[in-house]
Amino acid sequence: MGAPDRSLATSNSMQRVKVYRLNDDGKWDDQGTGHVTVDYLERSEELGLCVVDEEDNETLFLHRISSDDIYRKQEDTIISWRDPEYSTELALSFQETTGCSYIWDHICNVQRNLHFNSLNNDTFHRMNSELRELPAIELSTLPLILKIVVESGIADQMRLVELIVANQDFFKKLMDIFLICEDLENLDGLHMIYKIVRGIILLNSSQIFEKIFGDELIMDIIGSLEYDPEVPHVQHHRNFLKEHVIFKEAIPIKDPSVLSKIHQTYRIGYLKDVVLARVLDESTIANLNSIIHANNALVVSLLKDDNTFIQELFIRLKLPTTSEESKKNLVRFLHEFCSLSKNLQMVQQLRLFRDLMNEGIFDVIADVLQSPDKKFVLTGYPYSFLEPRSKSSTFSCCQEGRDSTPRTVGSRPDYRFW
């Protein structure tokens, strides 16, 4: 919502593409191969597609993203459109389906922001004459805050996001009131806070998500969503996450930023798949999946750059004293690690697999293929280490255990590494 967030550009991972232009004879001319990002155009506040040549790192192609409905996604790996500025047909052919989906989602997000920003400013201010600032965050003002959140039109939502993001203490104060209401068993207050938090999440703002998914707020946010007035019994999501979800590492991860991203990714997935599964719209789900996708890519990238981590993994795999169960867990970890590496740039993937080959990954695969455990043997097939993952998959090889598609809380899940 609101103006495009500059974090969008920095969080993009570059995707390998071929650029095509339709010539006068109706044939597609290959304009070159490079890596595409959604980024801010030079000396401009506008977002566009930028393709950098993979050989000389020179700019191969620039295109300002239009708010018009000109883009088409074809066959999972092609995005095409008719460029109104040059009156010609253009196309990007992606090497990976995940890369195509990733860029497509960002184009759609940019277009939504452009539509919002195109609203007439006079109309915007007239519609928002009562929303120049948020009321104080107090128990007595919860009904007014709820009315603002749930009854706002598109223009009001833009202003609401701006006000919430600008107020550094908004969520802290709201969660303080939530905890007070919970201590006093004030159900009316708890139900209002549930609706407020749900409504704010449905604003689908990346800036707001960045705030509420931080370590300081996420558990209280999930707690506030336990009090759905349409559900007869209070849900116990926090208790489930704290008492029944087990975080167990196949190999110790020492980088606190990696651990934080793994925990965050799990909790975002839990919120999406369980807490708000029945109320989220498609665009919000897509945005949450993009965050999960970006977190997975970051975790893999940080782990692959940690030479001691990779070395320790293979040392443990080769030690004769490593138990059979521990070795299986390490192999499952390695399988997930390789699968999620498909989110990396091609150059990074090649470097990673070169390092894994030097450490002896094929010896590991050979050992797995000789295991009497038939299910475990499937993990060892070489192609299974390289199979693509869906955008919404989580880094579960060292993650908290939960069923892949849970819908209820209260039962202890089987722990999974994969």
Computed lengthening from residue 230 to residue 23, 0.36 nm per intervening residue step minus Cα-Cα distance: 68.7 nm
Å² per residue, accessible surface of segment 170-210 at 1.4 Å: 43 Å²
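Computing the accessible area with a 1.4 Å probe over protein heavy atoms, can you report the carbon and sulfur percentage for segment 237-284?
The value for segment 237-284 is 46 percent carbon and sulfur by accessible area.
If you put +1 on each Lys and Arg Cβ and -1 on each Asp and Glu Cβ, how big is the dipole of segment 15-96 around its Cα centre, in Debye rounded to 20?
220 debye
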Extended-chain gain in nm, criterion 0.36 nm per residue less alpha-carbon gap, residue 57 and residue 167: 35.5 nm
Inter-site label distance for residue 132 and residue 154 at 7 Å from Cα along Cβ, in nm: 2.6 nm
Estimated FRET transfer efficiency when R0 is 41 angstrom, pair residue 325-residue 283 (beta carbons, to 0.05): 0.45
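If the only charges are +1 at each Lys and Arg Cβ and -1 at each Asp and Glu Cβ, what is the size of the charge dipole of segment 130-234 around the Cα centre, to the nearest 20 debye?
380 debye
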Residue 367-residue 95 pseudo-label distance in nm [points 7 Å out on the Cα-to-Cβ vector]: 3.1 nm
Charge-dipole axis of segment 130-234 as Lys and Arg at +1 and Asp and Glu at -1 on Cβ define it, positive-most pick from 150, 175, 137: 150
Cα centroid of segment 24-45 to Cα centroid of segment 241-272, whole Å: 38 Å
Linear extension gain, residue 351 paired with residue 249, 0.36 nm per residue minus alpha-carbon span: 34.3 nm
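The values are calculated or read from the model by the stated rules, or taken from the named source; none is laboratory data. Nothing here was measured: the structure is a model prediction, and the numbers come from that model. Heads up, the Cβs are rebuilt from the backbone with ideal geometry, glycines too, and the neighbour counts pull from every protein chain shown. These area figures cover heavy atoms from the full protein model, side chains too; ligands, DNA and RNA do not enter into them. Shrake-Rupley method; radii C 1.70, N 1.55, O 1.52, S 1.80 Å.
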